[in-house]
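Visitor: This is the structure I want to talk about, given as structure tokens.
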């Protein structure tokens, strides 16, 4: 994929959408308990984009602010109609927008290059060769 690659990420009902241009700076999966609760799954998969790569297409999100296990402050942006958490920002990473990979619904999306909070992963979860594992956030 190239800098001209465009993707759309959407909530479940389609009201909240963002578009990205180019490849993500980083793709990461996480087994922290907050990601497990946010997704309803055993881990979350996230993509990090520079703010200038993201266009807000439609919808007005509701925001839930919380702290992370790392101590970072997060602003979670979710659809007020269906509840899908589409994207978030982190205080310690200004100028970055983090988008839930599943919201792209793109089986060709790049795989995670790292997995954080591996000490909280379910024992049966396996990651592909080459994926760096970190017990906590690096």
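Visitor: Mind jotting down the distance between the C-alpha centroids of segment 36-58 and segment 69-97, whole Å?
Guide: 8
Visitor: Next question. Going highest first, how would you order 20-33, 121-134, 49-62 by mean Cβ packing within 10 Å?
Guide: Details: 20-33: 18.7, 121-134: 11.3, 49-62: 14.8.
Sorting 20-33, 121-134, 49-62 by mean packing, highest first, produces 20-33, 49-62, 121-134.
Visitor: Looking only at segment 18-38, which residues have a backbone nitrogen under 20 Å from a spot 7 Å from the Cα of residue 119 in the C-beta direction?
Guide: What the label zone holds, given the 20 Å backbone N cut-off, is 29-37.
Visitor: Can you show me the helix-derived [θ] at 222 nm for the chain, built from DSSP H runs with n ≥ 4 at -39,500 (n - 2.57) apiece and divided by the number of residues, rounded to the nearest 500. Present the calculation step by step, with values, prior to reporting the outcome.
Guide: Values: 1 runs with 7 residues, N = 138.
The per-residue figure over the chain is -1500 deg cm²/dmol.
Visitor: Can you report the principal axis dimensions of segment 6-133 using only the alpha carbons, biggest first, rounded to whole angstrom?
Guide: Principal extents (largest minus smallest coordinate, Cα): 39, 29, 28 Å.
Readers should treat all values here as calculations from the given coordinates under stated rules, not as data from a laboratory. Please read all numbers here as calculations on a predicted model, not as lab measurements. Cβ sites come from the backbone with ideal geometry, for glycine too, and all protein chains shown count toward neighbours.
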